[in-house]
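Engineer: Can you read through this structure? Questions will come right after.
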Amino acid sequence: MMEVNGSAMIVMAGKNCVGIASDRRLGWNKQMTVACDFQKVFQLNDRIIVGLAGLGTDVQSLRNLLRFRMNLYKLREEREMSPKAFSAMLASLLYEKRFGPYFVEPVVAGLNEDGKPFISSMDFIGAPTSAEDFVVQGTCYSQLHGMCESLYRPDMDQNALFETLSQCLQAAVDRDALSGWGAEVHIITPEGTYTRTLKSRQD
Amino acid sequence: MDSSIGIQGKDFVILAADGSASQGGFLMYRKDVDKILPMSEKQILATVGSASDREVFSEYIQKNLRLYELENQIHMSTFGLANFIRKELAIALRRAPYQTNLLLGGTDDSEGPALFWIDYLATLQKVKFGAHGYGAFFVLSILDKEWKEDLTEEEALDVLRKCIAEIHTRLALAAPEWTVKVVDSNGIRVVEL
């Protein structure tokens with residue numbers, strides 16, 4: 001189920017910034033590529049970006065559900081949701097469907113109020129992992145892990161973080177048939193979010 | 001298995017779908033089925049897949065769109081319609097899935113032409129060209145090569161002829177007849193290739 005459409009994403013922490021990189025391929029049943037600009041990364045508020053790796057339809061359904069829940073939280077609480085609360089909510093939403101799950105493995109990139117990065121990922125039934133350095137998800141999970149472990153160093157500034165994320169993602173997806181075909185990187189800093197689309201191999 | 005093709009041009013969208021109604025991979029009931037239904041004055045939906053799901057789903061969307069227009073006194077945009085279709089498919093997916101793949105083409109006065117690829121799992125993507133079915137394996141590469149920005153209708157129909165010719169050459173059990181419709185600012189037209 002997770003390999004029907006294909007995906008690859010990384011979230012990495014820097015010094016007072018956090019970045020998320022994702023591929024853009026929409027594949028179909030491991031047989032062909034339908035589009036190279038499929039959106040899998042969604043900025044939900046100024047300080048939270050979620051990347052949804054997995055089955056395309058559930059990526060879109062879950063994105064709508066998350067947008068709804070964020071808006072509802074904002075109306076009720078009259079404040080923005082923190083990344084930690086968001087991650088907990090997402091895990092709970094996924095577990096609600098324990099016996100008929102969304103086939104999506106999310107990664108969360110957030111910046112806390114104090115500017116410190118927050119990273120988490122979970123499996124498709126909501127088992128969370130938080131990390132200090134990076135998390136990865138996707139069809140080339142192992143490749144991504146290897147690249148990140150090699151190239152990561154702590155306390156990177158946003159330019160170094162961008163470079164590292166780009167190199168890690170592109171090297172990993174080049175060794176996976178189901179992901180790649182375009183890449184985008186978003187860096188959240190206290191000043192704002194910077195998005196760049198990478199020129200990558202289209203194969 | 002039936003195929004469909006969609007191409008977005010400068011200010012129009014062309015949808016083509018084969019005319020077959022078949023069973024068991026070898027029996028052809030009919031070869032002249034029109035699988036491209038008008039949703040509104042300037043939106044058309046090509047559905048391929050299981051025959052009953054195809055007809056039921058496209059009529060369901062057509063009638064609900066009309067209801068929306070009557071209730072809200074406003075024309076729904078192509079993007080809105082695409083998302084409405086996706087939502088209906090996504091809800092049905094975990095109850096009683098529709099086994100239909102869709103291409104939605106339409107023009108809006110403000111937005112211009114738009115083509116949406118929607119598969120039976122309710123994955124939605126806006127595309128410049130798209131295809132469903134076994135035919136997709138052959139035509140996507142042709143479209144990658146031949147499609148360019150601001151195609152005129154003649155150019156787009158030429159590309160479409162190449163695509164259909166390739167399907168006839170290489171797809172075993174390819175349907176002989178295709179329905180082709182164009183939607184532009186003047187409305188919906190049937191085109192003879």
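Engineer: Can you give the helix-only mean residue ellipticity at 222 nm for chain A, where every DSSP H stretch with n ≥ 4 adds -39500 (n - 2.57) and the sum goes over all residues, rounded to the nearest 500 deg cm²/dmol?
Structural biologist: -10500 deg cm²/dmol
Engineer: What ratio of Cα Rg to 2.2 N^0.38 Å holds for the stretch B:85-124? Could you put the intermediate results ahead of the total?
Structural biologist: Numbers: Rg = 11.9 Å, N = 40, 2.2 N^0.38 = 8.9 Å.
Taking N as the residue count of the stretch B:85-124, the ratio is 1.33.
Engineer: A follow-up question, please. Pairs of alpha-carbon atoms within less than 8 angstrom and 6+ residues apart define the contacts here; what relative contact order does chain B have, in percent? Could the numbers behind the result be given before it?
Structural biologist: Values: 401 pairs, mean separation 61.6, N = 193.
RCO, chain B: 32 percent.
Engineer: Still on this model: Count, for each residue of B:115-122, the Cβ atoms from other chains sitting within 10 Å of its Cβ, then give me the mean as a whole number.
Structural biologist: On the way: counts 0, 0, 4, 1, 8, 1, 11, 6.
Neighbouring Cβ atoms belonging to other protein chains average 4 per residue here.
Engineer: In addition: Give the longest segment of chain A that steers clear of GluC sites (Glu not before Pro) in DSSP loops with at most 10 neighbouring Cβ atoms within 10 Å, not counting the sites themselves.
Structural biologist: After excluding every exposed loop site, the longest remaining stretch is A:1-77.
Engineer: Next up: Across chain A, what fraction of all alpha-carbon pairs, as a whole percent, falls in each successive 10 Å bin from zero upward?
Structural biologist: The calculated distribution, bin by bin, is 10, 39, 37, 13, 1.
Engineer: Using only C-alpha atoms and all pairs of different ones, pull out the Kirkwood radius for the stretch B:1-82 in Å with one decimal.
Structural biologist: Working: mean 1/r = 0.0711 Å⁻¹.
Final number for the Kirkwood radius of the stretch B:1-82 is 14.1 Å.
Engineer: What distance in nm lies between label points placed 7 Å from Cα along the C-beta direction at B:TRP147 and A:GLU163?
Structural biologist: 3.7
Engineer: Now for a separate question. Using 1/(1 + (r/R0)^6) with R0 = 56 angstrom and r between the beta carbons of B:LEU193 and A:ARG79, what's the FRET efficiency to the nearest 0.05?
Structural biologist: Plugging the Cβ-Cβ distance into 1/(1 + (r/R0)^6) gives 0.40.
Engineer: Let me ask another. Roughly speaking, what % of Cα-Cα pairs in the stretch A:57-110 are separated by over 14 Å, rounded to a whole number?
Structural biologist: 56
Engineer: If you average the sequence gap of Cα pairs under 8 Å that are 6 or more apart and divide by the length of the stretch A:111-203, what percent do you get for the contact order?
Structural biologist: Dividing the mean separation by the residue count of the stretch A:111-203 yields 22 percent.
Engineer: Right, something else. Please compute, for peptide A:55-61, the average count of beta-carbon atoms on other protein chains lying within 10 Å of each residue's beta-carbon.
Structural biologist: Mean number of neighbouring Cβ atoms from other chains: 6.
Engineer: In peptide A:36-42, how many Cβ atoms from other protein chains are near each Cβ within 10 Å, on average?
Structural biologist: 2
Engineer: In units of 2.2 N^0.38 Å, what is the alpha-carbon radius of gyration of the protein assembly as shown?
Structural biologist: Compared with the compact-globule rule of thumb, the protein assembly as shown sits at 1.04.
Engineer: Using the Kirkwood radius built from alpha carbon pairs, what does the Stokes-Einstein equation give as D for chain B at 20 °C and 1.002 mPa s, in µm² per second? Each step should come with its number before you reach the end.
Structural biologist: Numbers: Rh = 16.6 Å.
Estimated diffusion coefficient is 129 µm²/s.
Engineer: Name the helices (complete DSSP H segments) of chain A with a Cα length along the long axis of 18 Å or more and a Kyte-Doolittle mean of at least -1.0, or state none.
Structural biologist: Going by DSSP H runs, the hits are A:56-77, A:83-96, A:158-173.
Engineer: Can you show me the helix-derived [θ] at 222 nm for chain B, built from DSSP H runs with n ≥ 4 at -39,500 (n - 2.57) apiece and divided by the number of residues, rounded to the nearest 500. Show your work: numbers first, answer last.
Structural biologist: Numbers: 4 runs with 68 residues, N = 193.
Only helices count here, giving -12000 deg cm²/dmol.
Engineer: If you take the square roots of the eigenvalues of the alpha-carbon gyration tensor of the stretch B:58-135 and sort them as a ≥ b ≥ c, do you get rounded (a/c under 1.5), prolate (a/b over b/c) or oblate?
Structural biologist: Details: a/c = 2.30, a/b = 1.18, b/c = 1.96.
In terms of gyration-tensor shape, oblate.
Engineer: Find the percent of Cα-Cα distances in the stretch A:139-203 that exceed 20 Å, and round it to a whole number.
Structural biologist: Of the Cα pairs, 29 percent sit more than 20 Å apart.
Engineer: If you consider only alpha-carbon coordinates, what radius of gyration and Dmax does the stretch B:94-193 have, in Å?
Structural biologist: Computed over the Cα atoms of the stretch B:94-193, radius of gyration and Dmax are 14.6, 43 Å.
Engineer: Still on this model: For B:HIS75, tell me the accessible area in Å² from a 1.4 Å probe, rounded to the nearest 10.
Structural biologist: Per-residue accessible area (B:HIS75): approximately 90 Å².
Engineer: For the stretch B:123-189, which GluC sites (Glu not before Pro) are in a loop by DSSP, counting at most 10 other Cβ atoms within 10 Å?
Structural biologist: Listed in order of number, the matching sites are B:GLU149.
Engineer: Using only the Cα atoms of the stretch A:1-75, what do you get for the radius of gyration and for Dmax, in Å?
Structural biologist: Reported Rg and Dmax, both Å: 13.8, 44.
The values are calculated or read from the model by the stated rules, or taken from the named source; none is laboratory data. The structure presented is a predicted model; accordingly, all values stated were derived computationally and were not measured. Reconstructed Cβ throughout: ideal geometry from the backbone, glycine too, with neighbour counts over all protein chains shown. The accessibility values were calculated without ligands, DNA or RNA, using every heavy atom of the protein model including side chains. Shrake-Rupley method; radii C 1.70, N 1.55, O 1.52, S 1.80 Å.
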